[in-house]
1. Each residue of the stretch 106-118 in turn: what ³J(HN,Hα) in whole Hz from Karplus with 6.51, -1.76, 1.60 and θ = phi - 60°, glycine and Pro shown as x?
2. Dipole size in debye (nearest 20) for the stretch 75-125 around its Cα centre, Lys and Arg Cβ +1, Asp and Glu Cβ -1?
3. Could you give the length gained by full extension between Gln63 and Glu44, i.e. 0.36 nm per residue of separation minus their alpha carbon distance, to one decimal place?
4. Work out how much length Leu37 to Gln55 would gain on full extension: take 0.36 nm times their residue separation and subtract the Cα-Cα distance, in nm to one decimal.
5. Rolling a 1.4 angstrom probe over the protein heavy atoms, how many square angstrom per residue are accessible across the stretch 84-125?
Amino acid sequence: YELLTILATRQNQEADRDDEELIVTLTQLYEEAIAQLREEGRQEGRQEGRQEGRQEGRQEGRQEGEQQATLRLINNLLRVRFGEVDEELAGIIEAIATLPSEEFTPLLLQRSREELLAQFTPENE
């Protein structure tokens, strides 16, 4: 690019045919190099985007799996304690799951059905 600039400046002062041809050739080479660099940048960006997408997908999958495992654990603890998980108990499972397991486990093992429903049922129902 610097050579092209120097030649273009020189062309204004003392242009000859060889300089003009060299300027045209260098301009084409420069533009091709820039186009290639842009394409390589696009490809790198796509590749990085795919990698980031895969990583985000894995992370989301892990989080979803952990959430599902937590919901199953709560459901199982309720079933063990109360025999079955009816509609009312099923309705509070997600609210209970917002707590860390070290908090919800003792609650599920110690509180009565009524206490759990009173604590975790939304008031506007």
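The values are calculated or read from the model by the stated rules, or taken from the named source; none is laboratory data. None of the values given here were measured: they were computed from a predicted structure. Cβ coordinates were reconstructed from backbone atoms using ideal geometry, including for glycine residues, and neighbour counts include every protein chain displayed. For the accessible areas, the whole protein counts, side chains as well, though only heavy atoms, and no ligand, DNA or RNA atoms are used. Shrake-Rupley method; radii C 1.70, N 1.55, O 1.52, S 1.80 Å.
1. x, 4, 5, 8, 10, 7, 6, 4, 5, 5, 5, 5, 5
2. The calculated dipole for the stretch 75-125 is roughly 260 debye.
3. Full-extension gain reported as 4.0 nm.
4. Here the segment from Leu37 to Gln55 would lengthen by 3.8 nm.
5. Here the per-residue accessible area is 68 Å².
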